[in-house]
1. With just the Cα atoms defining each centre, how far is region 1-70 from region 86-120? Give it in Å.
2. Using only alpha carbon pairs under 8 Å that are at least six residues apart, calculate the relative contact order of the chain and give it in whole percent.
3. Within region 3-38, whose backbone N sits under 13 Å from a point 7 Å along Cα→Cβ of residue 112?
4. Report the extension gain between residue 62 and residue 122 in nm, rounded to one decimal, defined as 0.36 nm multiplied by the number of residues separating them, less their alpha carbon distance.
5. Reachable lysines from residue 65, Cα under 17 Å, same-chain residues fewer than 8 places away excluded?
6. Note down the nm distance, to one decimal, between modelled labels 7 Å out along Cα→Cβ at residue 82 and at residue 23.
7. Label residue 32 and residue 74 with points 7 Å out from Cα along Cα→Cβ: what is the distance between them in nm?
8. Under a GNM of the chain (C-alpha, springs under 10 Å), which listed residue has the highest mean-square fluctuation: 86, 11, 27?
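What follows draws every value from the coordinates through simple rules; no lab data is involved. Keep in mind that what you see is a predicted model, and the values were worked out from it rather than measured. Note: ideal-geometry Cβ built from the backbone for every residue, glycine included; neighbour counts use all protein chains shown.
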Amino acid sequence: MNHRKSGRILSRNRNQRRALFRTLVGSLVLHERIETTLAKAKELKDKVDPIVNRAKRSSVDAAKKVAVMRELRRTLPTATVAKLVSPEFISRFEGRQSGFTRVVKLEARKGDGAEMAVIEFVV
């Protein structure tokens, strides 16, 4: 049975999945728009929105900002964390409570027919 289990396996073991999402989150924050498979994009959306929300809340207090940066550095590349908590990046989401990313379906990949999608930040 599969009760109380969430998330997609994506044909990877736990460590490979963590590494995959770490790099995907890093690429999304740095480039603000990436093209990937639909399953990865949907799963990435569930991981990015809470991270952006945490970074947004850190902009209020300097002590919180340091704590959030340390917390995010455990799971994300350093360059990604620096951009994520920067005032320019956070200010784009001031009026938004949630839904910081958008997934747009594309046509299937030519080689293997995988459903493709673009995930990007909503401005």
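1. About 12 Å separates the Cα centre of region 1-70 from the one of region 86-120.
2. So the answer I get is 32 percent.
3. 10-12, 37-38
4. Numbers: separation 60, 0.36 × 60 = 21.60 nm, distance 2.60 nm.
Extending this stretch completely gives an extra 19.0 nm.
5. 56, 83
6. It is 2.1 nm.
7. 3.0
8. Of the options given, 11 has the highest mean-square fluctuation.
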